[in-house]
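Student: Structure in structure tokens, see below.
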Amino acid sequence: MSQIITLDQLKKTLAEKQAQGVDIIAPVLRGELAFFQHVDDLEKAALTPRVRFQNSIKEFFFPRHETIFSFVRQGSDVQLTDAPEFERQQIVVGARPCDAASLPILDPLFAWDYQDRFFQQRRANTTVVSFACKETDGHCFCTAVGGAPDGTAGADAILFELGDGSFEVRCLTDKGKALFAGKTSESDKTGAACEPPKIDFEIKPIADWIRNNFSSPVWEEVSLRCVGCGACAFVCPTCHCFDIVDEGSYSKGKRVKNWDSCQTALFTLHASGHNPRGTQGKRQRQRMMHKFVIYPDKFDFNLCTGCGACSRSCGVMFGVRPCLEALAQAASSSEN
Amino acid sequence: MENIYKPDPMEVVEVRQQTADVKLVRIKFRDPEKNANFKFNIGQFGLYSVFGVGESTFNICCSNSKDYIEFCFRKTGRVTERLWDVEPGDTIGFRGPFGNSYPMDAWEGKNLVFVAGGIAMPPIRCAIQYALENREKYGKITIVYGARTVGDLVCKDELDEWAQAPNVVVLKTVDVAPPEGTPWNGRVDFVPTVLKDAGITGENTVALVVGPPIMIKLSLPILVDAGLKDEDIFTSLENRMKCGLGKCGRCNCGSVYVCKEGPVFTQADIKKMPDDF
Ligand SMILES: Cc1cc2nc3c(=O)[nH]c(=O)nc-3n(C[C@H](O)[C@H](O)[C@H](O)COP(=O)(O)OP(=O)(O)OC[C@H]3O[C@@H](n4cnc5c(N)ncnc54)[C@H](O)[C@@H]3O)c2cc1C
Ligand code: FES
């Protein structure tokens, strides 16, 4: 027996939570483009699985711009006011499995000795409901990094669209169970995700190649077309590099964390003018190393869920999958 | 929950100008209890803020026996330009201490060689101060310090004081001879040349080398020829940092996060790291 919920009942369930003060984050269409955003009116939520989103759910755990504290100068003293703790509850609904999968990947980073309450409080206060995929495109490669169209990592519940205006609900955690308790009905229908994307490369040999070919000319060659705009990092659910800057004036202002990208030259520029990563090739190497060598070394996860958002939004048709494919070629030709 | 990115307000106690663009600043926690309880290890660094301008990374450049923190900075960018203007009584921010430290305990009983160039004096000064405060624990101390010109030497007065301590040799040098008539009791040579003449022997000796890449590159073979092993040659890296906490993803060399696993590395560690400096 499975548990099912109709689309109407799903919206009602979310609306009830909203009435209790819970923030609802769901896909909303603007023209043909889908965005994850806070929704006031659940009728505006586009609750169906889709491949392409303009943003990832990352920003609801790790906002693109976030105040750390504010300050006021009083004579020679400075008064600091801590940013408020995150006490709201939120539900993210309609996440792709590859989006939800980023959350357990990021957990250890924000808890590595120093506890980042900004991420952790949002994570603790959020219930994630993902939708199993109904289709994949040529950018998807979740299967290469251990994911699947019905992957459950990071989700509290996963919903399978049944095509008759209802979803099969599979609760995965206590949070998921709490959300759907008493809201579903029993059925003998079960949902299924689409076929997994077909991938003709494996991560392991590429990661080995990356580890052993730090100085290879391949890095500059594959990066020739990259313009270093950093869009790949901003749409990526796992990219988490950030900058810390002050805003306001000398007498009154705040310090903020902003998303940053290792693809820009300023990222590692020393005050002396020296830059350890002065070329696009070196910066691309850092990006791929971080995802497939450094992060696995440190936290046992690839820093990538194979969602394909980077190449989908890349202006020059680059991104992680095209880069992996190019490196796979380099790896196989260096074997021969 | 604690906010790991929020600095503590610090009172500027003293500012001593060192060169045309270097100042040494002494600070204390505004909160007396914090000041009394603050502990750090020699070689650690902190993040210092000018509120409204930003944060910069500097070594804590004094020994840890004091009830204050000192740092020494070169005016070079946005934050340091503004830091240049701070006066005693002003408030700046501090986060730290961060990173690993020099193994001062493991160095006990050994001869210490300190090699520094230019503004790289601060990361070495803390170790020298500590070693001199615990003079009986260490063997011979050799300090080789050079800068471009006499005017670029940091901690000039202290160099002469250190030279007075028992069994300490201070060799100072400048790249460019001072103008005729300028008092100068040091040499005119590059740091590696002076190091070579210092007659270091590898026996029971560790070295700490910090400075511009070219100085480090040319000094290493001299220490190796003298018999020091890669494990006995230490340095302190200065990758650009933002968080200091292993989160912002900026400071790594391969899988090594300099802010957490560094900034202190031996030459043996460095040889294992990719060339991402
Ligand atoms: C562990 C460690 C220890 C250190 N210890 C010391 C020490 O003891 N003493 C010391 O003097 N230094 C030390 N440094 C170096 C010091 O951190 C830098 O010199 C300092 O942060 C420069 O800060 P700044 O804000 O003034 O420069 P920034 O304003 O950050 O400028 C640095 C350079 O980056 C570029 N840049 C930055 N932002 C922009 C932008 N928005 N647009 C264009 N260009 C930009 C510019 O070329 C600029 O010159 C240490 C560094 C590390 C990592
Ligand atoms: S300075 Fe942020 S990770 Fe090291």
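The values are calculated or read from the model by the stated rules, or taken from the named source; none is laboratory data. Since we're looking at a predicted model, the values are computed, not measured. Reconstructed Cβ throughout: ideal geometry from the backbone, glycine too, with neighbour counts over all protein chains shown. Heavy atoms of the whole protein, side chains included, go into the accessibility calculation; ligands, DNA and RNA do not. Shrake-Rupley method; radii C 1.70, N 1.55, O 1.52, S 1.80 Å.
Student: Would you mind stating whether B:Asn167 is open to solvent by 70 Å² or more (accessible area, probe 1.4 Å) and within 16 Å of B:Ile200 (Cβ to Cβ)?
Tutor: yes
Student: In addition: So B:Gly244 ticks every box in (1) away from ligand 2 (no atom under 16 Å from the Cβ); (2) closer than 27 Å to B:Asp105 by Cα but one. Which box is left unticked?
Tutor: (1)
Student: Tally time: how many residues in the range A:249-259 are at pLDDT 95 or above and either within 8 Å of another protein chain (Cβ to nearest Cβ) or touching a Leu at 6+ places or on another chain (Cβ under 9 Å) (or both)?
Tutor: 4
Student: Exactly one condition in (1) aliphatic (A, V, I, L, M); (2) farther than 19 Å from B:Leu24 by Cβ; (3) part of a loop (DSSP other than H, G, I, E, B) is false for B:Leu112; which is it?
Tutor: (3)
Student: Looking at (1) surrounded by 14 or more Cβ atoms within 10 Å (Cβ to Cβ); (2) in a loop (DSSP other than H, G, I, E, B), which is the one condition that is false for B:Gly181?
Tutor: Going through (1) surrounded by 14 or more Cβ atoms within 10 Å (Cβ to Cβ); (2) in a loop (DSSP other than H, G, I, E, B) one by one, B:Gly181 breaks only (1).
Student: Looking only at the range B:226-259, which residues are closer than 20 Å to A:Asp116 by Cβ and more than 7 Å from chain A (Cβ to nearest Cβ)?
Tutor: Within the range B:226-259, B:Met241, B:Gly244, B:Cys251, B:Tyr257, B:Val258, B:Cys259 qualify.
Student: Taking the range B:201-241 on its own, how many of its residues are under 14 Å from B:Pro123 (Cβ atoms), of a type outside the set (Gly, Ala, Ser), away from ligand 2 (no atom under 12 Å from the Cβ) and not in a helix (DSSP H, G or I)?
Tutor: Number of matching residues: 6.
Student: Kindly indicate whether A:Gln263 is within 16 Å of ligand 1 (Cβ to nearest atom), more than 23 Å from B:Ser49 (Cα to Cα) and more than 7 Å from chain B (Cβ to nearest Cβ).
Tutor: yes
Student: Related question: Given the conditions (1) away from ligand 2 (no atom under 16 Å from the Cβ); (2) assigned to a loop (DSSP other than H, G, I, E, B), report the number of the one that B:Asn100 does not fulfil.
Tutor: Failing condition for B:Asn100: (1).
Student: Tell me the residue from B:Ser56, B:Ser49 that is touching a Lys or Arg at 6+ places or on another chain (Cβ under 8 Å), without any contact (Cβ under 8 Å) to a residue 60 or more places away in the chain, within 14 Å of another protein chain (Cβ to nearest Cβ) and within 16 Å of ligand 2 (Cβ to nearest atom), please.
Tutor: Working: B:Ser56 fails: touching a Lys or Arg at 6+ places or on another chain (Cβ under 8 Å).
Answer to the selection: B:Ser49.
Student: Still on this structure, please answer the following. Testing A:Gly21 on (1) touching a strand residue (DSSP E or B) at 6+ places or on another chain (Cβ under 6 Å); (2) at positive phi, one condition comes back false. Which one is that?
Tutor: (1)
Student: For the range B:246-277, how many residues are more than 10 Å from ligand 1 (Cβ to nearest atom), part of a loop (DSSP other than H, G, I, E, B) and over 20 Å from the mean Cα position of the chain (by Cα)?
Tutor: Result for the range B:246-277: 10.
Student: With the requirement that a residue be at positive phi and within 12 Å of ligand 1 (Cβ to nearest atom), what does the range B:212-245 give you?
Tutor: Of the range B:212-245, the ones at positive phi are B:227, B:244.
Once the filter is applied, which keeps residues that are at positive phi and within 12 Å of ligand 1 (Cβ to nearest atom), the range B:212-245 yields only B:Gly244.
Student: Would you point out which residue out of B:Lys172, B:Lys271 is basic (Lys, Arg), away from ligand 2 (no atom under 16 Å from the Cβ), more than 14 Å from every other protein chain (Cβ to nearest Cβ) and in contact (Cβ under 8 Å) with a residue 24 or more places away in the chain?
Tutor: Checking each option against the conditions leaves just B:Lys172.
Student: Return the pair list, or none, for Cβ contacts closer than 7 Å from residues in the range B:240-256 that are open to solvent by 10 Å² or more (accessible area, probe 1.4 Å) to residues that are more than 12 Å from ligand 1 (Cβ to nearest atom), at least 6 apart or on different chains.
Tutor: B:Lys242/B:Cys248; B:Ser255/A:Val293; B:Ser255/A:Ile294; B:Ser255/A:Asp297; B:Ser255/A:Lys298; B:Val256/B:Met273
Student: How about the range B:188-232: which of its residues are modelled with pLDDT under 95, under 19 Å from the mean Cα position of the chain (by Cα) and within 16 Å of B:Lys140 (Cα to Cα)?
Tutor: Hit for the range B:188-232 is B:Leu195, nothing else.
Student: Still on this structure, please answer the following. Return the residue satisfying two criteria in turn: it lies in the range B:54-70 and is in a loop (DSSP other than H, G, I, E, B) and buried (at least 21 other Cβ atoms within 10 Å of the Cβ), and of such residues it is nearest to ligand 1 (Cβ to nearest atom).
Tutor: B:Cys61
Student: Let me ask something else about it. Looking at this structure, is B:Asp225 open to solvent by 70 Å² or more (accessible area, probe 1.4 Å) and in the same structural domain as B:Arg125 (by TED's automatic domain parsing)? Outline the logic, then answer.
Tutor: Numbers: open to solvent by 70 Å² or more (accessible area, probe 1.4 Å): yes; in the same structural domain as B:Arg125 (by TED's automatic domain parsing): yes.
In short, yes.
Student: I'd like the full set of residues that are open to solvent by 20 Å² or more (accessible area, probe 1.4 Å) and either within 14 Å of another protein chain (Cβ to nearest Cβ) or within 16 Å of ligand 2 (Cβ to nearest atom) (or both), limited to the range B:119-148.
Tutor: B:Ile119, B:Arg148
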